[in-house]
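J.: Sharing a structure here in structure tokens format.
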Amino acid sequence: MPQTPPPDDDGAIPQSVKDGHFEELLTNSPFTRSLGVFDSIILTGVARTENDVLATLLDTKTMESHVVSKTANFQGWQLVGVEGYPAEMRTWSAKIQVTGGQVITVRYQQPPKKIVRATTGGGGSSGGSGGNTPPLSSAQMDEAKNAAVNYKEGFNADGYPRQPPPEMVAKLSRLSVSQREDINKQMFGLRNQGLGLDERRKIYENLVDRTTQRGR
């Protein structure tokens, strides 16, 4: 007597996969889901001080720079940790805890070559060299350039209350004018973010040391 084939919904037989099963995955993929405001945020640098680690972020849409550390900034963003090989920037990533407790990973990317021209509160506008700083006022750009030449006198964003100490002047003397100007622009960008005098001094010394070592 011929046997009747088992029904299609027999639990013992795996059922074929249909296109409809993937509809939800295609329309709401976890790999392409938007993070909203953080879609345009990239990691542009990491600076290690004696007691803290600071990461600089850049919003590539607004060209606004942000600094995060273990202490939450005014936006409530807090640096949880950094990963990657110190000598290879392309491997860097930073874990940032944002408002609400969500932790996101921001990876290093080469900043845009050109900065969108934006108007500042003082009416001036310009961009930093290489896209490493947020828009600076024309007065800040001029001071960064002048201080690169007259480096012994110091400037308003270096973190020193007066002129830099002799040991820092000696290090600065080994850098080119363009290298000093690039560092000065980065420091003005950090100053615009509200970083205090002591924090700026530590980052400034770190930037000078790293630039000096790269030139050897």
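The values are calculated or read from the model by the stated rules, or taken from the named source; none is laboratory data. No experiment lies behind these values; they were computed from the predicted model shown. When we count neighbours, we look across all protein chains shown, and the Cβ atoms used for this are built from the backbone with ideal geometry, even at glycine. Protein only, heavy atoms only, side chains kept; ligands, DNA and RNA dropped before computing areas. Shrake-Rupley method; radii C 1.70, N 1.55, O 1.52, S 1.80 Å.
J.: Residues in segment 176-200 near a label at Asn150, defined as backbone nitrogen under 16 Å from the 7 Å Cα→Cβ point?
T.: 181
J.: Separate question: Would you mind checking which residues have amide H under 5 Å from Val80's amide H? H placed 1.01 Å from N; only 5 or more apart, or other chain.
T.: Those lying under 5 Å, H to H, from Val80 are Lys95, Ile96, Gln97.
J.: Using the Karplus curve 6.51 cos²θ - 1.76 cosθ + 1.60 with θ = phi - 60°, what ³J(HN,Hα) values do you get for each residue of segment 170-175, in whole Hz, with x for Gly and Pro?
T.: Calculated HN-Hα couplings, in order: 5, 5, 4, 5, 8, 9 Hz.
J.: What order do Val46, Val82 take when sorted by accessible area (1.4 Å probe), most exposed first?
T.: Correct descending sequence by accessible area is Val82, Val46.
J.: Round to a whole angstrom and tell me the spacing of the C-alpha centers of segment 66-98 and segment 99-113.
T.: Value for the Cα centre distance between the two parts: 8 Å.
J.: Can you give the accessible area of Glu181 in Å² (nearest 10), computed on protein heavy atoms with a 1.4 Å probe?
T.: Answer for Glu181: close to 40 Å² accessible.
J.: Out of residues 5 or more away from Val53 or on other chains, whose amide H comes under 5 Å of its own, with H placed 1.01 Å from N in the peptide plane?
T.: Those qualifying (amide H under 5 Å, at least 5 residues apart or on another chain) are Lys70.
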